[in-house]
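One structure below.
The values are calculated or read from the model by the stated rules, or taken from the named source; none is laboratory data. The model shown is predicted, which means the values in this text are computed figures rather than measured ones. Cβ atoms come from the backbone with ideal geometry, glycine included; neighbour counts cover every protein chain shown.
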């Protein structure tokens with residue numbers, strides 16, 4: 001039996017054993033309300049039992065119920081997603097959403113009409129990422145997402161952060177979106193004051209603190225005004241490496257002129273041919289209150305450093321030094 | 001390396017991506033006939049892949065249903081950059097993993113129940129088909145099972161499987177060959193006994 005024959009036989013067996021649910025799908029698709037959230041109709045199976053169970057709970061006594069309710073309504077972790085819309089989900093120890101809060105106006109648009117309360121955090125995150133994609137907040141011009149988890153138990157928080165980051169990555173890969181996901185564990189108490197002062201989320205404040213620890217040339221104030229995609233690009237510069245933040249994927253530079261174009265502008269300004277250039281290094285960075293390409297190279301006996309406005313291609317600053 | 005993988009996969013790719021793409025475009029504008037067509041072309045791939053994750057026919061039947069409802073509701077969000085099959089299987093994978101997580105949370109199975117050997121209901125397929133599928137689910141490791149199902153039933157390329165399962169291409173290839181070897185040994189054993 002060849003590999004091909006073996007595969008065909010196996011395929012035939014799976015096809016023969018696959019149940020036919022088309023009628024059910026067709027009957028339900030018009031009523032499938034909650035577009036990105038699965039499992040809603042699952043409760044139908046249990047509707048009758050739920051009524052009986054609810055009656056039993058009442059009879060069982062308010063004492064036990066009160067205790068369980070207290071534990072289930074206690075916030076165990078806060079998960080925040082920030083693209084430009086900034087959303088905060090408070091969840092209990094069973095990872096069920098207790099509260100979904102819009103932290104800025106864009107987030108209100110995302111959350112409008114979504115019933116996240118009571119869903120598990122994985123389903124809720126799935127729904128939110130779907131909504132962010134649908135509303136065009138993750139696209140080729142800005143593809144970075146900041147995922148932050150606050151938890152009194154740092155081990156649990158780390159694990160949750162890792163799982164959610166993988167799930168978001170899977171959703172975006174499935175939607176054929178090349179996104180950059182930054183994920184971090186945040187101690188909310190440490191960043192609470194500064195986040196209030198600059199009116200930004202705990203997650204963004206913690207990310208900025210990490211960048212400042214790596215590179216003290218920036219100020220908190222200027223970084224607080226940047227988008228998550230811009231911060232993600234800053235982190236991609238080797239001189240700003242931040243170990244506490246895990247990054248997957250690459251932040252897009254498509255809103256900018258690109259490194260190649262920046263190089264050409266610098267060479268033209270310096271009046272030299274590309275063929276005479278050696279030791280070329282180009283990195284995207286934030287300098288002179290703007291996103292710039294930092295282009296360094298040598299030609300002949302001269303070392304050059306150019307800062308090119310990443311948006312407009314304008315030469316912002318340059319230095320020229322004769323090698324000794 | 002890439003050429004080698006392409007040579008091995010092009011022979012068995014069974015579903016023209018452009019046809020599924022066309023179905024997706026029709027779905028995006030609410031064409032129910034397109035949903036039925038897509039269902040017939042991909043249901044075995046969805047069910048098989050889900051089964052390889054949940055190892056539970058009832059759960060995978062739920063996943064099968066949920067997957068097409070989700071495809072219906074989210075078709076407009078699908079972008080033509082990836083293949084429709086990868087997108088559909090990512091949905092099936094996420095729903096299957098959610099099933100597993102739900103189970104872990106709501107059912108405290110005794111440890112000895114975890115590795116229960118797998119059984120397909122007698123109502124499905126003929127005896128030979130059922131036994132082959134049961135064998136695949138019982139004698140292959142989780143990864144081997146995912147890979148063989150994705151390749152044989154879904155027609156996914158090894159490279160696409162590597163992306164979907166987040167594995168290296170070389171690992172996918174070696175596990176695929178090991179899985180085929182195990183299945184061949186099983187079938188030859190059954191035939192020798194007949």
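For residue A:107, state whether it is more than 14 Å from chain B (Cβ to nearest Cβ), at pLDDT below 90, outside any strand (DSSP E or B) and touching a strand residue (DSSP E or B) at 6+ places or on another chain (Cβ under 9 Å). Yes.
Total residues in segment B:148-169 satisfying the condition of being farther than 28 Å from residue B:127 by Cβ, touching a residue at least 60 places away in the same chain (Cβ under 8 Å) and within 16 Å of the chain's Cα centre (by Cα): the figure is 7.
Suppose the filter is surrounded by 15 or more Cβ atoms within 10 Å (Cβ to Cβ), over 19 Å from the mean Cα position of the chain (by Cα) and not in a helix (DSSP H, G or I); does residue A:267 pass it? Working first, answer last.
Details: surrounded by 15 or more Cβ atoms within 10 Å (Cβ to Cβ): yes; over 19 Å from the mean Cα position of the chain (by Cα): yes; not in a helix (DSSP H, G or I): no.
No.
Please report, ordered by residue number, the helices (runs of 4 or more DSSP H) entirely within segment B:15-87 with at least 3 residues that are at pLDDT 90 or above.
Filter on segment B:15-87 gives B:32-54, B:57-74.
Does at least one position in segment A:296-306 carry a residue that is assigned to a loop (DSSP other than H, G, I, E, B) and either in the same structural domain as residue A:225 (by TED's automatic domain parsing) or within 30 Å of residue A:140 (Cα to Cα) (or both)? No, segment A:296-306 contains no residue that is assigned to a loop (DSSP other than H, G, I, E, B) and either in the same structural domain as residue A:225 (by TED's automatic domain parsing) or within 30 Å of residue A:140 (Cα to Cα) (or both).
Taken together, the residues in segment A:145-170 that are modelled with pLDDT under 90 and outside any helix (DSSP H, G or I) amount to 3. State yes or no: is residue A:279 part of a strand (DSSP E or B) and buried (at least 16 other Cβ atoms within 10 Å of the Cβ)? So residue A:279 fails the test. The criterion of at least 2 residues that are at pLDDT 90 or above is met, among helices (runs of 4 or more DSSP H) falling completely within segment A:171-231, by A:202-214, A:220-224. Are any residues in segment A:244-264 in a loop (DSSP other than H, G, I, E, B) and touching a residue at least 24 places away in the same chain (Cβ under 8 Å), and if so, which ones? Across segment A:244-264, the qualifying residues are A:244, A:245, A:249, A:250, A:251, A:252, A:253, A:254, A:255, A:256, A:257. Looking at (1) within 14 Å of the chain's Cα centre (by Cα); (2) buried (at least 23 other Cβ atoms within 10 Å of the Cβ), which is the only condition residue B:172 fails? Going through (1) within 14 Å of the chain's Cα centre (by Cα); (2) buried (at least 23 other Cβ atoms within 10 Å of the Cβ) one by one, residue B:172 breaks only (1). Does residue A:240 meet the test of being under 20 Å from residue A:287 (Cβ atoms), in contact with a helix residue (DSSP H, G or I) (Cβ under 6 Å, 6 or more places away or on another chain) and surrounded by fewer than 19 Cβ atoms within 10 Å (Cβ to Cβ)? Here the answer is no, as residue A:240 does not meet what is asked. In this structure, residue B:97 qualifies as in a helix (DSSP H, G or I), within 11 Å of chain A (Cβ to nearest Cβ), more than 22 Å from residue A:16 (Cα to Cα) and modelled with pLDDT of 80 or more.
Look at segment B:33-82 and say how many of its residues are closer than 16 Å to residue A:30 by Cβ and either more than 10 Å from every other protein chain (Cβ to nearest Cβ) or out of contact with any helix residue (DSSP H, G or I) (no Cβ under 7 Å at 6 or more places or on another chain) (or both). Final tally of qualifying residues: 4.
Take the conditions (1) out of contact with any strand residue (DSSP E or B) (no Cβ under 7 Å at 6 or more places or on another chain); (2) over 22 Å from residue A:74 (Cβ atoms); residue A:159 misses just one of them, which is (2).
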